[in-house]
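Novice: One structure, as C-alpha cells, below. Some questions next.
Bear in mind these aren't lab numbers, they're just calculated from the coordinates by the rules spelled out. Every value quoted in this text rests on a predicted model; they were computed, and no experiment measured them. Cβ sites come from the backbone with ideal geometry, for glycine too, and all protein chains shown count toward neighbours.
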Amino acid sequence: MIAARRGNLVTLALLAPSLLSAILLLVIPILIVIAFSFAEQDTYGGAKFGFTLASYRELFQAIYLPIFLNSLQLAAVSTIVCLLVGYPIAYFIALRAGRHAGLLLALLLIPFWIDFIVRMSAWMVLLGRNGTINSALLGLGFIEQPIRMIGTYPAVLVGMLYAFLPTTVLPIHAALNGLDKRLLEAADDLGATPLQSFWRVTFPLSLPGVMAAILFVFVPAMGVYAIPVLLGGGKSIILGNLIVQLFLDFRNMPLGAAVSVVLLVISSGIIVCYMRVLRSVEEART
Amino acid sequence: MKKLIALYVPAATLIGYIFLFAPLLVLVIYAFNAGRSTVVWEGFSLAWFAEALRDRGLRAGLQVSVIVAIASAALATMIGTSAALAVVKRPFAGKNLFSTLIIAPLVLPEIVLAVGLLVATVWTGVPLGYGTLIAGHVLVSIPFSFLIVRAAASGLDPRLDEAAADLGANGKQAFLRVTLPLLAPAILSAFLLCAVISFDNFVVSTFVSGVGSTPLPIQIYATLKSGLTPKINALGAMLIAVNVLVILVVMSRYLKTIRKQS
C-alpha cells in the first residue's frame, strides 16, 4: 500500500516537469492566442478582451485570400519537389547502397543540423547578383548580363528543397528499409519487369513513408517565412510573413492571432487526417 | 529505356548529394579567400575570420546564443528524460495522450508556437529577454530529448531492474547505479542535440528575443538583409565546424551502440 503510494509519487514527480512545461509553454499560450483572435484591437495594437469576430471577418476578405492560396501553393509545390528529389535518394540508400547506406544517411543529416541561417546564406552566396553562379557564367562567357535569381520563385523552391530534403528522405527510407526484399524477388520470379515490380510492390509499400514525408514537409512549409524573405525577396506574401508583419511590424495582435489560429486549424486538420489514414492502412494490413 | 531507368536512381542520388553539399563547400572555401569575390580566388587569408570575430553585434549574438543553448538544453534534457522514464518505466493512465502532448511541438508549425509564446508574454507582462528565449527553446527541444531517451530506455532489458532488486538494491539505488549509467550516453546525445537546436533556432527567437538578448541567427539575418560580405562566409564556416563536431560526437556514440547490439 505504502509502496504503491510511493510509486505513484515517483510517477508524478517524473511527469510533473514535462506536464508543467507543456501546459505553461504550449497549452495556455495557444488558448491565449485563440482568445486574442476574438479580442478587439486597442489603440496601441494590443488586445482588449471581448468577443468579436471582427478579425476573422477581416481575414476572410478578398485581400487576404491570395495570401492563403500563395501559402497552400508554395507548400504543395515544395512538397512535390521534395518528393521527386527525395524519393530516388531514399530508394538508393535503402535498396542499392548496400554497406554504404549508413554513411549516406549520416551525410544526409549533416546539412540538417547546420544552422538554418548559414544554409540560407550559402544559397545567397551562390545565387546572388554578384554570386558564384553568375560570376562563373559571366566569366565563361555564357551570359552577358547577370541573371536575376534571388527574388524569384525558383530560388524560393531551391531554398525549400534544401531545408526539407532530409526530412523527406528519412521517413521514405525507413519505409523502404523495412520492406521484405523477398517480395521483390517474388515479383521478379513471376515475370514482372523492374518498373512493374516498382509500381505494384515497392511503391505501394513505401506509401506510409511518403505520407509521413508529406506531413513533415507540408505542415512546416505552410508556416515558413525566412526562406521566402531571404531568397524570394519577400515579394509574394504568405502566411508566415503575414503573421510576422502583423505581430512585429504593424502590431495588430488580434488579426495576427486569427491568422495563427487558421494556420493551426489547417495543420491540425492535416495531422488528424494523416493519423486516420495511417490507422486504416495499418488495419488493412493486419 | 531500361538503362535510362537504371541510371536514374543513382544519378538523382548523386545530384541530390551535390545539391546538399556544394553550397556549404562554396561557403567554406571562399571564407578563406583574400578578396571579396566568391568566384575568383585571390589568395589564402584568414582576414575574414578576424573580421567576423571583431564584429560587435555578432559577438554579442554569439554570447547570447551560447548561454541560451546551454541553459535550454540542460532544462530540455532534464524534462525530456524524466518524461521518457515515466513513459517507459511507469504505468499511468493516458500514456498515449501524454506522449502526443510532449511530441506536439515537433509537428505543429513553429510559427504558431512562437506566436503563442509572444502572446503569453504580452498577456502576463513578462519582459522579453533571456528568460523567454530559454523557455521558447526548451519548448521546441523537449520532443527531441524525449524521443532520444525514450528510445534508449525502452531498449534497456527490464530484467536489469529485477536483478538489481534481487541483489538488494532499492528503487533509488537501482536507478542511480543501473539505469542512469546505462542511459548516460543517450542523455548526453540529447543534451548536445538540444543545444544545437537552440543554437540554430530562428523562428521562435524572432518572436521572443528582446533588446539586448538577440541571438546569433537573428544577428546574422539582420546582416544578410543589408548585404552579403565574406564575413558571413567566415562565420558560417566556424558554425559549420562546430555543428559537424557535435554531430560526429553524437553519431560515433550511436554507431558504437549499434555495433555492440549487432
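Novice: Below 8 Å between Cα atoms, with a sequence gap of 6+, how large is the relative contact order for chain B in percent?
Specialist: Computed value for chain B: 30 percent relative contact order.
Novice: If you average 1/r over every pair of different alpha-carbon atoms in chain A and take one over that average, what Kirkwood value in Å do you get?
Specialist: When all Cα pairs of chain A are included, the Kirkwood radius is 22.6 Å.
Novice: If you don't mind, there's one more thing I want to ask. What nm distance separates the two modelled labels at B:A22 and A:E144, each placed 7 Å from Cα along Cα→Cβ?
Specialist: According to this spin-label approximation, the distance is 2.6 nm.
Novice: Just how large is the dipole of segment B:53-144 about the Cα centre, in debye to the nearest 20, putting +1 at every Lys and Arg Cβ and -1 at every Asp and Glu Cβ?
Specialist: In debye, rounded to 20, segment B:53-144 gives about 220.
Novice: Placing one identical point scatterer on every Cα of the protein assembly as shown and ignoring solvent, what is log10 I(q)/I(0) from the Debye formula at q = 0.05, 0.08 Å⁻¹?
Specialist: Log10 of I(q)/I(0), two decimals: -0.23, -0.59.
Novice: Other chains' Cβ within 10 Å of B:97-110 residues: what's the mean?
Specialist: That average works out to 5.
Novice: Let me ask something else about it. With springs connecting C-alpha atoms under 10 Å apart, model chain B as a Gaussian network and identify which of B:V115, B:V138, B:V211 has the largest mean-square fluctuation.
Specialist: B:V211
Novice: Could you give the length gained on full extension between A:R57 and A:L72, defined as 0.36 nm per residue of separation minus the Cα-Cα distance, in nm?
Specialist: 3.4 nm
Novice: Can you give me the pair-distance distribution of chain B, C-alpha pairs, 5 Å bins, whole percents?
Specialist: 1, 5, 10, 12, 13, 13, 12, 11, 9, 6, 4, 2, 1, 0, 0
Novice: Sticking with this structure for a sec: Under 12 Å between alpha carbons, and skipping anything fewer than 8 positions from B:K89 in its own chain: which aspartates and glutamates qualify?
Specialist: Leaving aside aspartates and glutamates fewer than 8 places away in the same chain, those within reach of B:K89 are B:D157, B:D161.
Novice: Rank these for me by crowding, B:F44, B:F92, A:F92, going from fewest to most other beta carbons within 10 Å.
Specialist: Going from sparsest to densest Cβ surroundings: B:F44, B:F92, A:F92.
Novice: Hey, if you put +1 on the Cβ of every Lys and Arg and -1 on every Asp and Glu Cβ in segment A:65-285, which of A:Y91, A:P166, A:P228 ends up farthest toward the positive end of that dipole?
Specialist: The one lying farthest along the dipole's positive direction is A:P228.
Novice: Follow-up. Packing-wise, with mean Cβ within 10 Å as the measure, how do A:269-275, B:27-33 rank, highest first?
Specialist: B:27-33, A:269-275
Novice: Just to be sure I understand: if I project the alpha-carbon convex hull of segment B:183-225 onto a plane and average over all orientations, what area do I get in nm²?
Specialist: Averaging across all directions leaves 3.7 nm² for the Cα convex hull.
Novice: With contacts defined as alpha carbon pairs under 8 Å and 6 or more residues apart, what's the relative contact order of chain A in percent?
Specialist: Relative contact order comes out at 27 percent.
Novice: Residue separation times 0.36 nm, minus the C-alpha to C-alpha distance between A:I237 and A:R182: what's the value?
Specialist: Extra length from A:I237 to A:R182 when fully extended: 14.8 nm.
Novice: Quick one, could you list the DSSP H helices from chain B stretching 20 Å or more along their long axis (Cα atoms) with average Kyte-Doolittle hydropathy of -1.0 or above?
Specialist: Span-like helices, by this rule, are B:2-31, B:56-89, B:110-124, B:130-154, B:180-200, B:230-261.
Novice: Give me the extension gain from A:F49 to A:E283: residue separation times 0.36 nm, minus the current Cα-Cα distance, reported in nm with one decimal.
Specialist: Taking 0.36 nm per residue and subtracting the Cα distance, the gain is 79.6 nm.
Novice: Stokes-Einstein at 37 °C, 0.692 mPa s, Kirkwood radius from Cα pairs: D for segment A:117-215 in µm² s⁻¹?
Specialist: 196
Novice: Another question, then. To the nearest 0.05, what FRET efficiency results for B:A165 and A:T11 with a Förster distance of 22 Å applied to their C-beta separation?
Specialist: With R0 = 22 Å, the Cβ-Cβ based efficiency is 0.80.
Novice: Taking chain A as a Gaussian network, Cα atoms linked when under 10 Å apart, which of A:T11, A:T193, A:T79 shows the biggest mean-square fluctuation?
Specialist: A:T11
Novice: About its Cα centre, what dipole magnitude does segment B:54-261 give when the only charges are +1 on Lys and Arg Cβ and -1 on Asp and Glu Cβ, stated in debye to the nearest 20?
Specialist: It comes to approximately 340 debye.
Novice: Let me ask something else about it. Where in segment A:49-91 does the amide nitrogen come within less than 12 Å of the point 7 Å from the Cα of B:I5, taken along Cα to Cβ?
Specialist: What the label zone holds, given the 12 Å backbone N cut-off, is no residue at all.
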